[in-house]
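Notes for the one structure printed next.
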């Protein structure tokens, strides 16, 4: 959570209008909430500025033209980890309430760099944002709604009145309940206007072999290079000359262990290699993975796949909960993790699997102290020299140093300050950095990826001096001498002798700085192409995937998959909320009409059929069926919960096989835990 000022008091304007209703939700007394809605003295929402800059729409929007819709304003800034965390929640809300809800992103920048429309457009592509975004460059919306921190969400009812504000993360369930009740209330009043989502106009980016690569790691012993191809949800293993050795991950977002080609990741970042073991911070899944490069297998060693919501809870292996691990440093069997989401550095013992906080209280701040009392702000880069650990402390805009003694100190050696940033070389704390995300150490030199300054800088531990090594400070792409080269938000560094490798994130490239000749070049990867797999519906971390045994179909025949939904007692499938079905086929055994590969089901029911056509004999395929729908309590309570489920089925076609359709069941044994506590 980032605050725009030292004190954080979201105004009465946003919060108090929802106090009575929030109390009703917290007690789960939905009937009280229904009776409260018509009598609440709601405040009219301030109109959007007429001359506001819209980043991805072809015309300005106004609250007046959205009258009859529920509007959710999301105040965010694109470098904020908490803002990233709630994007899956917003996607879920947009999917569940596609016809009644409009989400509007209000991008109010923290950094000067983040005010530019072009940079916000990059962030929209990078995070897969599919709702309209306003560039609140002069903070008029921020001030009008009296917002003081990122992220903040504000719900506006169909009459254009503020209902409630939500600060920080983990409010999706409360918002769902409030939206559900508001829909029922305004449908009864006749003031609800439903319709399709707003159309966006920003063109899709062209396909590139790498997509927003976040980190890079060199293994000098084997002359190998690993790239976190972050937005392709995969890793690329190559020689130092750019020859592709293997690609790890299918390219589809997910959390699947197993063979390299079948495994799935979700926006991986930092990596470290030890022999044939490659360790990966699988950031979007909130886990750490280990890849056995000799056996060609991927396994999850830390984290359950759920984001930690409580600070300072250690644990073992897959039982421990992590929070956006972003970078790794390995020394013998000690794995250090930059836990960006909880603003801490963690330590994991790879022999026992025990992981615990090593430094940082978990409070987002700039505090030098003993490890346990120190504070960080979204640390995103790690490097070490066996004596100490260097940290790119991103939102603190600093280079920090940690003793590897658990009782040691955390200190700042360059830059520093949550709201003190810029581009200034010099000694120690007079230095100004801007959102640094990467760090590398070699031969007494410390290199810094000064991300928002589009520069690579060098820190000398002996003198405390920082100077610019490469980059002009202007975003762009150009090879050449150190003072001519251009970068665009470089996020990761790794060094091997006199070669410094740079993950030039927004240029979708790996750059190489020759420290001897002073020349910057681009590493080419012949034959590397973008994956064909897509994220599908599974962008959040709550999709339950059921893997079925192999299914035999009769060659060249018509067959089908019949989905049967079994709501728990007291619940029903909401027929009025459209379902979303996606079918993905990897292989040749069956085909499906284009209309069934991605479709909206209206009205939704508890039985859905997907027709297939079987191909010739002796072919196989992996079929994945994703379904999103809404469950509601039976009766008049008005409480609803979204459900996303997926099935994966290996399919084989054979001659003279019996024609047996596939039956898929969803018995929903765990989905309602949040509502039964």
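The values are calculated or read from the model by the stated rules, or taken from the named source; none is laboratory data. For clarity, every value in this text was computed on a predicted model and none was experimentally measured. Positions of Cβ are generated from backbone atoms using ideal geometry, with glycine treated the same way; all protein chains shown enter the neighbour counts.
What to note about this one:
- The residues on offer are 430, 420, 412, and the sole one that is surrounded by fewer than 24 Cβ atoms within 10 Å (Cβ to Cβ), more than 29 Å from residue 291 (Cα to Cα) and in contact with a helix residue (DSSP H, G or I) (Cβ under 7 Å, 6 or more places away or on another chain) is 412.
- Test: residue 160 is touching a strand residue (DSSP E or B) at 6+ places or on another chain (Cβ under 7 Å), surrounded by fewer than 22 Cβ atoms within 10 Å (Cβ to Cβ) and at positive phi: yes
- Meets criteria (assigned by TED's automatic domain parsing to the domain that holds residue 46 and over 18 Å from residue 45 (Cβ atoms)) for residue 195: no
- Unmet requirement for residue 258, which otherwise passes all of (1) more than 25 Å from residue 380 (Cβ to Cβ); (2) in contact with a strand residue (DSSP E or B) (Cβ under 8 Å, 6 or more places away or on another chain); (3) surrounded by 15 or more Cβ atoms within 10 Å (Cβ to Cβ): (3)
Rundown of residues vs (1) surrounded by fewer than 16 Cβ atoms within 10 Å (Cβ to Cβ); (2) touching a helix residue (DSSP H, G or I) at 6+ places or on another chain (Cβ under 6 Å); (3) part of a strand (DSSP E or B); (4) modelled with pLDDT of 80 or more, yes/no style:
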position: 628; (1), (2), (3), (4): no, yes, yes, yes
position: 638; (1), (2), (3), (4): no, yes, no, no
position: 641; (1), (2), (3), (4): no, no, yes, no
position: 645; (1), (2), (3), (4): no, no, yes, yes
position: 648; (1), (2), (3), (4): no, no, yes, yes
position: 659; (1), (2), (3), (4): yes, no, no, no
position: 668; (1), (2), (3), (4): no, no, no, no
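- Evaluating residue 480 against the criteria (1) within 27 Å of residue 329 (Cα to Cα); (2) out of contact with any helix residue (DSSP H, G or I) (no Cβ under 9 Å at 6 or more places or on another chain) leaves one unmet condition, (1).
- The set of residues from the range 446-460 being surrounded by fewer than 17 Cβ atoms within 10 Å (Cβ to Cβ) and either outside any strand (DSSP E or B) or in contact (Cβ under 8 Å) with a residue 40 or more places away in the chain (or both) is empty.
- In the range 404-426 there is no residue that is under 18 Å from residue 512 (Cβ atoms) and outside any loop (DSSP other than H, G, I, E, B).
- Selection of the range 599-625 for residues being over 22 Å from residue 547 (Cβ atoms), modelled with pLDDT under 85 and outside any loop (DSSP other than H, G, I, E, B) yields 599, 600.
- The criterion of at least 3 residues that are free of Cβ contacts under 8 Å to residues at least 60 places away in the same chain and in contact with a strand residue (DSSP E or B) (Cβ under 7 Å, 6 or more places away or on another chain) is met, among strands (runs of 3 or more DSSP E) falling completely within the range 471-519, by 509-514.
- Sole exception among (1) surrounded by fewer than 19 Cβ atoms within 10 Å (Cβ to Cβ); (2) modelled with pLDDT of 65 or more; (3) assigned to a helix (DSSP H, G or I) for residue 47, by number: (3)
- Flag for residue 568 being at pLDDT below 90, farther than 30 Å from residue 210 by Cβ and buried (at least 18 other Cβ atoms within 10 Å of the Cβ): no
- Of the residues in the range 207-230, at least one is surrounded by fewer than 17 Cβ atoms within 10 Å (Cβ to Cβ) and not assigned by TED's automatic domain parsing to the domain that holds residue 289.
- Filtering 365, 281 for residues that are assigned to a strand (DSSP E or B) and touching a strand residue (DSSP E or B) at 6+ places or on another chain (Cβ under 8 Å) leaves a single hit, 281.
- Flag for residue 100 being more than 23 Å from the chain's Cα centre (by Cα), outside the structural domain of residue 394 (by TED's automatic domain parsing), more than 21 Å from residue 418 (Cα to Cα) and at pLDDT below 95: yes
- Per the conditions (1) free of Cβ contacts under 8 Å to residues at least 24 places away in the same chain; (2) more than 22 Å from residue 492 (Cβ to Cβ), the sole criterion not satisfied by residue 297 is (1).
- In the range 335-346, the residues that are free of Cβ contacts under 8 Å to residues at least 40 places away in the same chain and in a strand (DSSP E or B): 344, 346
- Residue 318 fulfils the conditions (1) assigned to a loop (DSSP other than H, G, I, E, B); (2) surrounded by fewer than 19 Cβ atoms within 10 Å (Cβ to Cβ) except for a single criterion, (1).
- Once the range 414-441 is narrowed to residues that are within 18 Å of residue 377 (Cα to Cα) and more than 30 Å from the chain's Cα centre (by Cα), the residue that is modelled with the highest pLDDT is 431.
Here is a yes/no grid of residues against (1) in a strand (DSSP E or B); (2) surrounded by fewer than 20 Cβ atoms within 10 Å (Cβ to Cβ); (3) touching a residue at least 40 places away in the same chain (Cβ under 8 Å):
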position: 61; (1), (2), (3): no, yes, yes
position: 64; (1), (2), (3): no, yes, yes
position: 68; (1), (2), (3): no, yes, yes
position: 75; (1), (2), (3): yes, no, yes
position: 94; (1), (2), (3): no, yes, yes
position: 109; (1), (2), (3): no, no, no
position: 114; (1), (2), (3): no, no, yes
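- Verdict on residue 399 being under 12 Å from residue 416 (Cβ atoms), assigned to a strand (DSSP E or B) and in the same structural domain as residue 496 (by TED's automatic domain parsing): yes
- Qualifying positions in the range 382-396 - part of a loop (DSSP other than H, G, I, E, B) and either in contact (Cβ under 8 Å) with a residue 24 or more places away in the chain or crowded, with 19+ Cβ neighbours inside 10 Å (or both): 385, 386, 394, 395, 396
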